[in-house]
Amino acid sequence: MGFHSPYTKHITRNNNINPQRKKRRKLRIYTILGLIILWLLAVMLYHVYKPLPQGTSYESPLYQVNSIQFWHDLTYPNESGKIIYEQQILKRMLTIVEESKQFLVIDLFLFNDYTHEGDSYPKVSRMLTDKLIAQQQQYPDMDIIFITDQVNTNYDSAPNHLLEEMSTAGIQVIMTDVDPLRDSTPVYSSVWRTFFQWFGQSGNGHLPNLMASNGPNLTLRSYLELLNVKANHRKVVISENTALVSSGNVHDASAYHSNIAFEVQGDIIKDILATEQSAANLSSDIKLPEYTSKPSNQTISNDAMGVRYLTEGKVYKYVLEEIKQASQGDTVWMGMFYLADEKVLNALLDAAARGVDVRLILDPNQNAFGRDKIGIPNRPVAAELSIRSKEAIHIRWYNTTKEQYHSKLLYIAKPVDDSVIIGGSTNFTSRNLDDYNLENDLWISAPAGSTLDHEISAYFDRLWSNEDAQYTLPLDAYQEDTTWLKDVVFRLQKILGLTTF
């Protein structure tokens, strides 16, 4: 009969209990982790497919107008190497402000004077600020509403002194709350919505500003907000007289970018104001002014143009429809800052296979506000399109220096039917097209030989053929040996949704 001390019995009992406790502890941990994962998946799915805010993804009725103005900015080296700046858009914006007496509604994605240390740009944001304040002071009963994105306060890390000056002068400033929009980076945004959004972003920032080293420091919470990569990306100036829809921001570090804009008058302004009211409603109860139709003795001519105002996913709808309807003998021209959406790429490939002449002018994605980029997404996309189309899709790079070819313009030239033009704020990427950002474009049907058709045709011919300067470069100018690696990075970014484009 063996001897067992009380100590031995205690150890034996613990050895029997500890495995059971460990199993229960592991079960609790796995249960908690499982519940968290299920919760995050539910958050992801809801915020990807949730109903859009009322008034977004809008398509206006078709309007007939006799005139639409085309404006452009171009930066390029002339034959002697001197950089030339053709700038029409801001000048026209300032004139619209001067000519307005009843109201102005302006919506601009980027509006600040932050730059990287050592960089020097025209003070375009100050010019517009001073012009708006002067107009408000001259006409104190006039409604001026300025709508913009949180990026201009570095996601509440610091006040934007230009916006503060406007507000002090009586201009109503609306900072768009984009949280009600769908999430374009759901893997990250589900974590942010669950754990971080409750703490806000404001406070004294201590982290360096990666977008502009001379800008204010950011809080960690602001960086966490930024990583959701969602925006009010619209660019529009509206008065009682006219509306200008642009690809360009009024932003010092963007002052030299090449851009396009279209200006239209008439009852379509009601639709544009209605969509801006929807954007304002995301974060404000401010009532925007209403457009009053003006009596006109002018009759609509036989060669009048059709125009629609499109926002968000409705831009996507018309881009795909128009490319799919292009047939042999048509030419699809595209001038684009970012091109990456899979459906658009496939539509271009199908069009080329049908015998459509497809010609793309793309930004090489080598510069962002004075800092180098690595060519994503356009360089791997260009390589793919060229290879898959067996070079039937013709591609040239805009000859950028320290600026961007920031245009977003589709032009389908047709020898028989009306040409189609789609231009505005929208890059051809999923984030811009698929109801994630706030975006705005004009769809235009222009009779062949009309003034606008001629202007857009001349714009593309000039850049493509390098008529009086080296505007564009051949495809192989940026198809370096590392393109395959960039393609891998590009594919991973698209799969995970972790992109800035």
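What the table below lists for this structure:
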{"quantity": "Conditions (1) within 24 Å of K50 (Cα to Cα); (2) modelled with pLDDT of 95 or more; number of the one not met by V187", "calculated": "(2)"}
{"quantity": "Matching residues, segment 107-161, being assigned to a strand (DSSP E or B), touching a helix residue (DSSP H, G or I) at 6+ places or on another chain (Cβ under 8 Å) and not acidic (D, E)", "calculated": "I144, I145, F146, I147, T148"}
{"quantity": "Residue selected from segment 31-80 under the condition among the small types (G, A, S) and on the phi < 0 side of the Ramachandran plot, by the criterion surrounded by the fewest Cβ atoms within 10 Å (Cβ to Cβ)", "calculated": "S80"}
{"quantity": "Condition broken by G200, with the remaining ones in (1) under 30 Å from L41 (Cα atoms); (2) in contact with a Ser or Thr (Cβ under 6 Å, 6 or more places away or on another chain) satisfied", "calculated": "(2)"}
{"quantity": "Listing of strands (runs of 3 or more DSSP E) fully contained in segment 61-106 that carry 1 or more residues being without any contact (Cβ under 8 Å) to a residue 60 or more places away in the chain and outside the structural domain of H406 (by TED's automatic domain parsing)", "calculated": "83-87"}
{"quantity": "When residues of segment 224-252 are limited to those that are farther than 22 Å from N440 by Cβ and under 19 Å from the mean Cα position of the chain (by Cα), the one modelled with the highest pLDDT", "calculated": "D252"}
{"quantity": "Matching residues, segment 432-455, being over 13 Å from Y309 (Cβ atoms) and aromatic (F, W, Y)", "calculated": "Y436"}
{"quantity": "Within segment 414-444, tally of residues that are farther than 18 Å from V332 by Cα and in a loop (DSSP other than H, G, I, E, B)", "calculated": "6"}
{"quantity": "Count of segment 376-405 residues which are of a type in the set (K, R) and within 20 Å of L463 (Cβ to Cβ)", "calculated": "3"}
{"quantity": "Segment 419-434: number of residues that are more than 11 Å from the chain's Cα centre (by Cα) and modelled with pLDDT under 95", "calculated": "0"}
{"quantity": "One residue from D252, D183, D177 being in contact with a Gly (Cβ under 9 Å, 6 or more places away or on another chain) and of a type in the set (D, E)", "calculated": "D183"}
{"quantity": "Residue in segment 241-250 that is farther than 30 Å from L74 by Cα, among the aliphatic types (A, V, I, L, M) and either in contact with a helix residue (DSSP H, G or I) (Cβ under 9 Å, 6 or more places away or on another chain) or buried (at least 18 other Cβ atoms within 10 Å of the Cβ) (or both) present", "calculated": "no"}
{"quantity": "Residues located in segment 297-311, provided they are out of contact with any helix residue (DSSP H, G or I) (no Cβ under 8 Å at 6 or more places or on another chain) and modelled with pLDDT of 95 or more", "calculated": "G306"}
{"quantity": "Positions within segment 161-178 being touching a residue at least 40 places away in the same chain (Cβ under 8 Å) and within 9 Å of I145 (Cα to Cα), in sequence order", "calculated": "Q172, I174"}
{"quantity": "Y459 being assigned by TED's automatic domain parsing to the domain that holds E312, in contact (Cβ under 8 Å) with a residue 60 or more places away in the chain, surrounded by 23 or more Cβ atoms within 10 Å (Cβ to Cβ) and not charged (D, E, K, R)", "calculated": "no"}
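The values are calculated or read from the model by the stated rules, or taken from the named source; none is laboratory data. As the structure is a prediction and not an experimental result, all values here were calculated from the model. Please note: Cβ atoms are built from the backbone with ideal geometry, for glycine as well, and neighbour counts cover all protein chains shown.
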